[in-house]
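What follows is a single structure, written as structure tokens, with notes after it.
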4 protein chains.
Amino acid sequence: MPTFEQKVRASFGRQSFMTTLGAKLVSVGQGSVEIRLPFSDALGQQNGFAHAGAITSILDSACGYAALSVAREGAEVLSVEFKVNLLAPAVGEAFIARATVKRAGKTLCVCAGDALAVSNGEEKLIATMLATMIYMNANKA
Amino acid sequence: MPTFEQKVRASFGRQSFMTTLGAKLVSVGQGSVEIRLPFSDALGQQNGFAHAGAITSILDSACGYAALSVAREGAEVLSVEFKVNLLAPAVGEAFIARATVKRAGKTLCVCAGDALAVSNGEEKLIATMLATMIYMNANKA
Amino acid sequence: MPTFEQKVRASFGRQSFMTTLGAKLVSVGQGSVEIRLPFSDALGQQNGFAHAGAITSILDSACGYAALSVAREGAEVLSVEFKVNLLAPAVGEAFIARATVKRAGKTLCVCAGDALAVSNGEEKLIATMLATMIYMNANKA
Amino acid sequence: MPTFEQKVRASFGRQSFMTTLGAKLVSVGQGSVEIRLPFSDALGQQNGFAHAGAITSILDSACGYAALSVAREGAEVLSVEFKVNLLAPAVGEAFIARATVKRAGKTLCVCAGDALAVSNGEEKLIATMLATMIYMNANKA
């Protein structure tokens, strides 16, 4: 496994919130990350769809780890800000967040991510995120 | 209890994700809502702070319910989009999301929310949201 | 010229601010629009680069017209909100805003746009927008 | 005139785009800035209202200068990103952008700004911005 993937998988393993949600790290490329979240009743909003906050959580982690996958050695990633558009109700058996690095600078990294709902093997775009991440030195974070 | 508060409390009670997080609806005014989320290890990101997604989730619910508190009878609220700035690490015994309506139109409602971390009785601003909500007819949603 | 392009070109022609900036409508597809803005000293920020507001202006128009290009007959488009990330200094002979529709609903239309700087025939990504537009009936707007 | 105001006024004076728009720097506090933009036909969108890009431009400059007003000596400010909600049509004799610092860190500064339309001496909220600015060393910028 390449070093960048080890680093991302180790950090994801420390995110207890991803475990709480039931999210799994599917794949890690250099500058791209995919996270999968099976639907469960524990994630519901008032209509029984998955809560926008749950979808945002996997998008944020996917964006953050896309940024980490291209970070210098020893750098950590924190979310500065993100914006999410909810495009369709989060209805499905599972949700996928796919994020890629749009531009990585020395200090900041801008990432974009799409969330898809999976139903009967079909994917439907349900949300999209544009996020700014910051690189922090591990010893300063 | 005023009708608008009953409506908000009933809908919040159906959001299983708020229960999953451990969030409580503290107060409901006409155009303002406060939600409280005690910290727990289940909410952590890689450094043990609360995950930005957990903080965003209570901000989103607070903004949505601020919009619902001023909605016409029979209207439901869905999140169109939001943007969150994370201003400081989410470290504390509990987190509070306070949202208010910035402008309510016939179709859209724009809300702003701040998230605060509470430590030893002191509140610190840790995040801020600007959100757009849409009113849907209950029978169409 | 297809009807959707006529409609977009007619509306763009009424945007005096695009004329003030010196922006031109390059191309109009069904769900995609390109606008070009030659650099001039009149657009500068404090360092002489093009002001983020000028780049945002052509991105907003490009997103709005991408939404209009797929609108029902008689519908007008207004900007609900947008978020822009500035990725690199706006330095170049000209700037291009390319927007596409991400999802068009009955009421709202979400569009994404990239801004590029052109120097010696080379394009460089300098900004990206995620925008929400609303369809209004012409007789109600 | 305090040093921070001199610094802001000098930088604003170099923003040729503010001159192009006709915008004036009204007041500069430590962490707060107000800019005024008289309406003119040159600013119009397709309905004759002021273009969202013009309103965004003065909000961006107001946020950037609020950040600069609290910056360390020698630091410059660049816009990282911003999000704007357009709350009402930009109709009026003049527009005012009022921005304040929400949180200033060592590297980043988050600012919020409201835009108001002035008609017959009455102010109406028409837009709101949430922005992230970055401090750059003058000799590195």
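Values in this text are rule-based calculations from the coordinates and carry no lab data. These numbers come from a predicted model, not from an experiment. Ideal geometry is used to build each Cβ from the backbone, glycine not excepted, and the neighbour counts take in all protein chains shown.
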**Request:** Round to the nearest 10 and give me the degree value, 0 to 90, for the angle of helix D:3-14's Cα axis relative to the longest principal axis of chain D.
**Result:** 60
**Request:** Pull out a ≥ b ≥ c, the square roots of the eigenvalues of the alpha-carbon gyration tensor of the protein assembly as shown, then state rounded if a/c is under 1.5, prolate if not and a/b is larger than b/c, and oblate in the remaining case.
**Result:** rounded
**Request:** Calculate, axis by axis, the spread of Cα positions in region C:3-137 along the three principal axes, and write the results as whole Å, longest axis first.
**Result:** 43, 25, 24
**Message:** Projecting each Cα onto the charge dipole of chain C (Lys/Arg +1, Asp/Glu -1 at the beta carbon, about the Cα centre), which of C:PHE39, C:GLY121, C:LEU86 comes out farthest on the positive side?
**Reply:** C:LEU86
**Prompt:** Quick one: if the Förster radius is 22 Å, what FRET efficiency do D:LYS106 and C:ASN47 give, using the C-beta to C-beta distance and rounding to 0.05?
**Reply:** 0.55
**Prompt:** How many partner chain Cβ atoms sit within 10 Å of a residue's Cβ in peptide C:67-78, on average, as a whole number?
**Reply:** 1
**Asked** When each copy gets a label point 7 Å from Cα toward the beta-carbon at C:GLN6, what are the spacings between them in nm, shortest first?
**Response** 5.5, 6.2, 6.5
**Request:** Could you work out the relative contact order of region D:1-69, using alpha carbon pairs under 8 angstrom and six or more residues apart, expressed as a whole percent?
**Result:** 35
**Item:** Linear extension gain, A:GLN6 paired with A:LYS24, 0.36 nm per residue minus alpha-carbon span
**Value:** 5.0 nm
**Request:** Going by C-beta contacts inside 10 Å, put D:ARG9, A:ARG36, C:ARG72 in order with the fewest on the left.
**Result:** C:ARG72, D:ARG9, A:ARG36
**Item:** For region A:28-86 and region B:1-49, distance of Cα centres in Å
**Value:** 21
**Fill in**
Dividing the helical contributions, -39500 (n - 2.57) per DSSP H run of n ≥ 4, by the residues of chain B yields a 222 nm value, nearest 500 deg cm²/dmol, of -8000 deg cm²/dmol
**Message:** Pairing rule first: another cysteine's C-beta must sit under 4.7 Å. Under that rule, which cysteines of chain D stay single?
**Reply:** D:CYS109
**Asked** Helix B:52-69 versus the longest principal axis of chain B: what is the Cα-based angle in degrees, 0 to 90, to the nearest 10?
**Response** 30
**Fill in**
Given unit charges at Cβ for Lys, Arg (+) and Asp, Glu (-), the dipole magnitude of the protein assembly as shown about its Cα centre in debye, nearest 20, is 0
**Prompt:** How high is the relative contact order of chain B, given as a whole-number percent (alpha carbon pairs under 8 Å, six or more residues apart)?
**Reply:** 24
**Asked** If we count other beta carbons within 10 Å of each Cβ, what is the order of D:GLU34, C:GLU5, A:GLU122, fewest first?
**Response** A:GLU122, C:GLU5, D:GLU34
**Prompt:** Using the 10 angstrom Cβ neighbour count as an exposure proxy, how do B:ASP41, D:ASP114 rank, fewest first?
**Reply:** B:ASP41, D:ASP114
**Item:** Candidate lysines - alpha carbon under 21 Å from B:LYS102, same-chain residues fewer than 8 apart omitted
**Value:** A:LYS83, B:LYS7, B:LYS83, C:LYS83, D:LYS83, D:LYS102, D:LYS124
**Prompt:** What are the distances, in nm and sorted shortest first, from the label point of A:ALA42 to the label points of the same position in each other copy, with each label point placed 7 Å from Cα along the Cα-to-Cβ direction?
**Reply:** 0.6, 6.0, 6.0
